[in-house]
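First up is the structure itself, then whatever we jot down about it.
The values are calculated or read from the model by the stated rules, or taken from the named source; none is laboratory data. On a predicted model such as this, the values are computed, not experimentally measured, just so you know. Glycine also receives a Cβ, built like all others from the backbone with ideal geometry; neighbour counts cover every protein chain displayed. Just so you know, the surface numbers come from the protein's heavy atoms only, side chains and all, with ligands and any DNA or RNA stripped out. Shrake-Rupley method; radii C 1.70, N 1.55, O 1.52, S 1.80 Å.
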Amino acid sequence: MSRIQACFEQLNTDGRKALIPFITAGDPNRDVTVPVMHAMVAAGADIIELGVPFSDPMADGPVIQKACERALEAGTSLHDVLAMVTEFRRQNEDTPVVLMGYLNPVEAMGYETFADACVSAGVDGVLLVDLPPEECEQVVPRFRQRGVDLIFLVAPTTTDERIRRIGEAASGYLYYVSLKGVTGAASLNVEEVAARVETIRNLAQLPIGVGFGIKDAASAQAVSRVADGVVVGSALVNQIAANAGQTDAIAPAVSAVLAEMRSAMDE
Amino acid sequence: MTERPDYKAFPDQRGHFGQFGGRFVSETLMAALDELETMYRRLKDDPQFQADFDYDLAHYVGRPSPLYLAERWSEQLGGARVWLKREDLNHTGAHKVNNTIGQALLARHMGKKRVIAETGAGQHGVASATVAARLGLECHVFMGEEDIRRQRLNVYRMKLLGAEVIPVTSGSRTLKDAMNEAMRDWVTNVDDTFYIIGTVAGPHPYPMLVRDFQSVIGREAREQSLKQAGKLPDALVACVGGGSNAIGLFHPFLEDEGVAMYGVEAAGDGVDTGRHAAPLNAGRPGVLHGNRTYLMEDENGQIIETHSVSAGLDYPGVGPEHSWLKDIGRVNYVAADDQEALAAFRELTRVEGIMPALESAHALAYARKLAPTMGADQNLIVNLSGRGDKDILTVADIDGIEF
C-alpha cells in the first residue's frame, strides 16, 4: 500500500480529513524548506505538496509566481527539490510527499531518471499541472511500476467522461480545482464544490482533495465537510513572502496558519 | 528523408506533428480546447464559413497581396530574381490580420463576447483589436512591459481601436510572459472569452487553425508565381518567431519537392553568444505554452530569456509544425543576427522604397546571402510579413536620434 493510500485509510478510520499544505521548494532559499516541512507536520499536515519551481508557471497566480521567482533566484533545481525530500525522509518516514509542478523540468531530466529519483528520495506522488491524461501514456506506466502515485487535476469544466478517464489514469487522490482561475484567486463557493465532489465520487474511486481559494480556517473547515482533503497553498506562501527577510520567522508563521485550519477542521 | 510524408495528414487527431505539438494545458482549459476544436472542424468544411472568410480577406484586408519582383534589389544582389510577398500591404500592416479575421469568425460562431490576445511587436495585438472593433467585441491585449516600451506606437493604436492593453511585468516582460498572462486570463474567464492566439504555437488546435488561416499567403504566392514567373519558385524565405507567416507561406508548397525552404530565426547578438531567439538552431525539445516543441531552456528545463532587436521574434519557442519540418529535413532553419537584419532593413528601404518590419528584415537578411548563390533564371520568394513603420522609433534609437 502506498503511503498516500495508507494516510487516507488512517484518516478515514480516525474520522478526520487530510490537511494538505503546498509550499514552493527553495522559497526563499534552499535551507528553509525542510525545516518548514517538519514544522507543517507538527502543525497538523497530513500530506505535503512541494512545488517544483518553474520559470513560466502558467496556472499560478501572482503569489506562487513570485515564490517560483524567489526559488529560482536562489538556484533551486529539480535535483535540489529531490534532495530536500531525501533530507526530510531522514526524520520522517510516514508523511506522504507529493511533488507538484510543470512538465518541462521533468522532461529535461528524463521521465525514467526522474521516476527513479522519486523512488530513492521517498517521493510518494507527482502532480504535473500541464500533463493531461491524453498525453501521459509514456508517463503513467513508469510511475506505476515504481509505486509512485500520479495525481491529476479535475476542474469545474471537466466533463463526466473525462472524470472517468482521469480516475483511471490517476492513483493516490484526485485534486479538485475549486474554481475557474489561477492559484490564489477569488473565494470558492462551498455549495458548488460540494455538488461537484459528489459527482466526482460517483465517477472515480479515489479520495478527493480540494484546492484553490482556501484562505483561512473557515474555508478549510467548510471544504473539509465535503471533501477528503483540503489543499492550501497561496495562504501559506503569503506567510513565506512576508517573512522572506527573516527566515527564522517562516516556520512559526506557516505553522500558525495551518494549526488554526487543523483545529477548525477537527471541530 | 526516406519517404515523403502526407503533409496534409498532420497534425493527427490529437494534434501531434510527429513527437511535437499536442495539448499540454491545465485541466480547466481542456473543455474549452475541445469545444474550439469541434467548432473549427465543423466550420472549416462549411462553404458559408469559407465564403465569409474569403469575403473579409478580399474586402477588409485587401487580398490578394501582390507578389512583387524587386528588380533593382535583385540586380544589386546578382543572382536569383527576388520576389516579395507583400503582406505589409494588408490592412493593419502585417500578415497577422489573416488569422485574426478567421479566429474572430470562430468567436462569433461560438457566441463569445470578449476576446483576449498576447502580443510581442504589437502587430497581432493591433490585428486583434481591429477585428474586435469591427465586431463590437470587448478586447484585452496582454503585452510585456519591455515590448510596450519599444512598440509604443502600436500600443497607442490598440488604445485608439478601443482595446485595453494590459502590461505584463512578470519574467522577462516580453512575448512569452504575455502568453502566460493571457492563458491565466483565459482560465479565469473561459466561459465568455475567446483567446486569439497570434502564432502557430499553443495547445492543439491552435497550431492547426492558425496555419490554415495563414495558408492563404502560400496559396496566393504559388498561383502568382506560376502566372508571373511562369513556374514555381526555387526557394522560399520567411522569418520565424512562433512561425505563423512562415508556415503560411510554406505549407501550400510542402509537396513541391523542387521548392527549397528557409525559415530564418533571430540570432540576436549571434547564436554562439547565447543571446538570441533561435530555438530551432540552438534549442532542444521540451514543453511550453501547451505544446511540445524546440525551446530555449537551461539544463534544468527552465526557459531562458531571449534577445532580438525585433520584438515579434523575441520568443523562446516555435510552432510545433516547424520543429517537425526541421526534424524530417523538409525546411532548413537558419538565423540572422540584429546587425544583419538592420542592414537589410536599411537596404530594402533605400533600394526598393519599401520599409520592412524588423521581423521580416531577418528573412531579407538571409535572402541577401542566398540570392547570389542562385542562378539568374531562378526565383526566390521572400515573405515580407509586415511593414516597418512600427519600428521607426527602434531604429531611430539605434541611430541616436530623439524626437
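What the table below lists for this structure:
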item: Segment B:73-93 - residue that is more than 14 Å from B:GLN228 (Cβ to Cβ) and among the aliphatic types (A, V, I, L, M) and, of those, least open to solvent (accessible area, probe 1.4 Å); result: B:ALA80
item: Residue match in segment A:222-234 (condition: over 30 Å from A:ARG164 (Cβ atoms), surrounded by fewer than 22 Cβ atoms within 10 Å (Cβ to Cβ) and modelled with pLDDT of 95 or more); result: no
item: Hey, B:TYR68 open to solvent by less than 70 Å² (accessible area, probe 1.4 Å) and aromatic (Phe, Trp, Tyr) or not; result: no
item: Residues of segment B:136-162 satisfying the condition of being modelled with pLDDT of 95 or more, exposed (fewer than 15 other Cβ atoms within 10 Å of the Cβ) and in a helix (DSSP H, G or I); result: B:TYR156, B:LYS159, B:LEU160
item: Some residue of segment B:378-388 being in contact with a Ser or Thr (Cβ under 7 Å, 6 or more places away or on another chain) and assigned to a helix (DSSP H, G or I); result: no
item: Among (1) within 20 Å of A:VAL123 (Cβ to Cβ); (2) more than 10 Å from chain B (Cβ to nearest Cβ); (3) open to solvent by 20 Å² or more (accessible area, probe 1.4 Å); (4) of a type in the set (D, E, K, R) - the single one A:GLU49 does not satisfy; result: (3)
item: Condition check for B:LEU57: farther than 26 Å from A:ARG162 by Cβ, outside any helix (DSSP H, G or I) and open to solvent by less than 10 Å² (accessible area, probe 1.4 Å); result: no
item: Condition met for B:ARG219 (outside any loop (DSSP other than H, G, I, E, B), in contact (Cβ under 8 Å) with a residue 40 or more places away in the chain and not aromatic (Phe, Trp, Tyr)); result: no
item: Test: B:LYS227 is away from every other protein chain (no Cβ under 14 Å), open to solvent by 20 Å² or more (accessible area, probe 1.4 Å) and not in a loop (DSSP other than H, G, I, E, B); result: yes
item: Test: residue in segment A:65-81 that is over 25 Å from A:ASP46 (Cβ atoms), part of a loop (DSSP other than H, G, I, E, B), at the interface with chain B (Cβ under 9 Å from one of its Cβ atoms) and in contact with a helix residue (DSSP H, G or I) (Cβ under 8 Å, 6 or more places away or on another chain); result: yes
item: Top-ranked residue of segment B:186-219 - restricted to ones that are surrounded by fewer than 24 Cβ atoms within 10 Å (Cβ to Cβ) and in contact with a Ser or Thr (Cβ under 7 Å, 6 or more places away or on another chain), ranked as farthest from the other protein chains (Cβ to nearest Cβ); result: B:TRP186
item: Residue satisfying condition, being outside any helix (DSSP H, G or I), among the small types (Gly, Ala, Ser), at positive phi and open to solvent by less than 40 Å² (accessible area, probe 1.4 Å), within set A:GLY213, A:GLY184; result: A:GLY213
item: Test: residue in segment B:161-182 that is within 22 Å of B:ARG387 (Cβ to Cβ), touching a Pro at 6+ places or on another chain (Cβ under 8 Å) and β-branched (Val, Ile, Thr); result: no
item: One residue from A:VAL106, A:VAL85 being under 20 Å from A:PRO35 (Cβ atoms) and buried (at least 16 other Cβ atoms within 10 Å of the Cβ); result: A:VAL85
item: Which listed residue is surrounded by fewer than 22 Cβ atoms within 10 Å (Cβ to Cβ), at pLDDT below 95 and not assigned by TED's automatic domain parsing to the domain that holds B:ASN383, from B:THR169, B:THR174; result: B:THR169
item: Count - residues of segment A:113-144 that are of a type in the set (D, E, K, R) and modelled with pLDDT of 95 or more; result: 3
item: Test: residue in segment B:15-30 that is within 14 Å of chain A (Cβ to nearest Cβ), surrounded by fewer than 13 Cβ atoms within 10 Å (Cβ to Cβ) and either of a type in the set (A, V, I, L, M) or more than 30 Å from B:ALA371 (Cβ to Cβ) (or both); result: no
item: Complete set of residues in segment B:356-403 that are open to solvent by less than 10 Å² (accessible area, probe 1.4 Å), touching a Pro at 6+ places or on another chain (Cβ under 8 Å) and not small (Gly, Ala, Ser); result: B:LEU364, B:ASN379, B:LEU380, B:ILE381, B:LEU384
item: Restricting segment B:235-273 to residues that are part of a loop (DSSP other than H, G, I, E, B) and open to solvent by 40 Å² or more (accessible area, probe 1.4 Å), the residue that is nearest to B:ALA376 (Cα to Cα); result: B:GLY258
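A quick yes/no check of all residues on (1) part of a helix (DSSP H, G or I); (2) within 14 Å of chain B (Cβ to nearest Cβ):
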site	(1), (2)
A:ALA115	yes, no
A:VAL119	yes, no
A:VAL126	no, no
A:PHE143	yes, no
A:THR157	no, yes
A:GLU168	yes, no
A:SER171	no, no
A:TYR176	no, yes
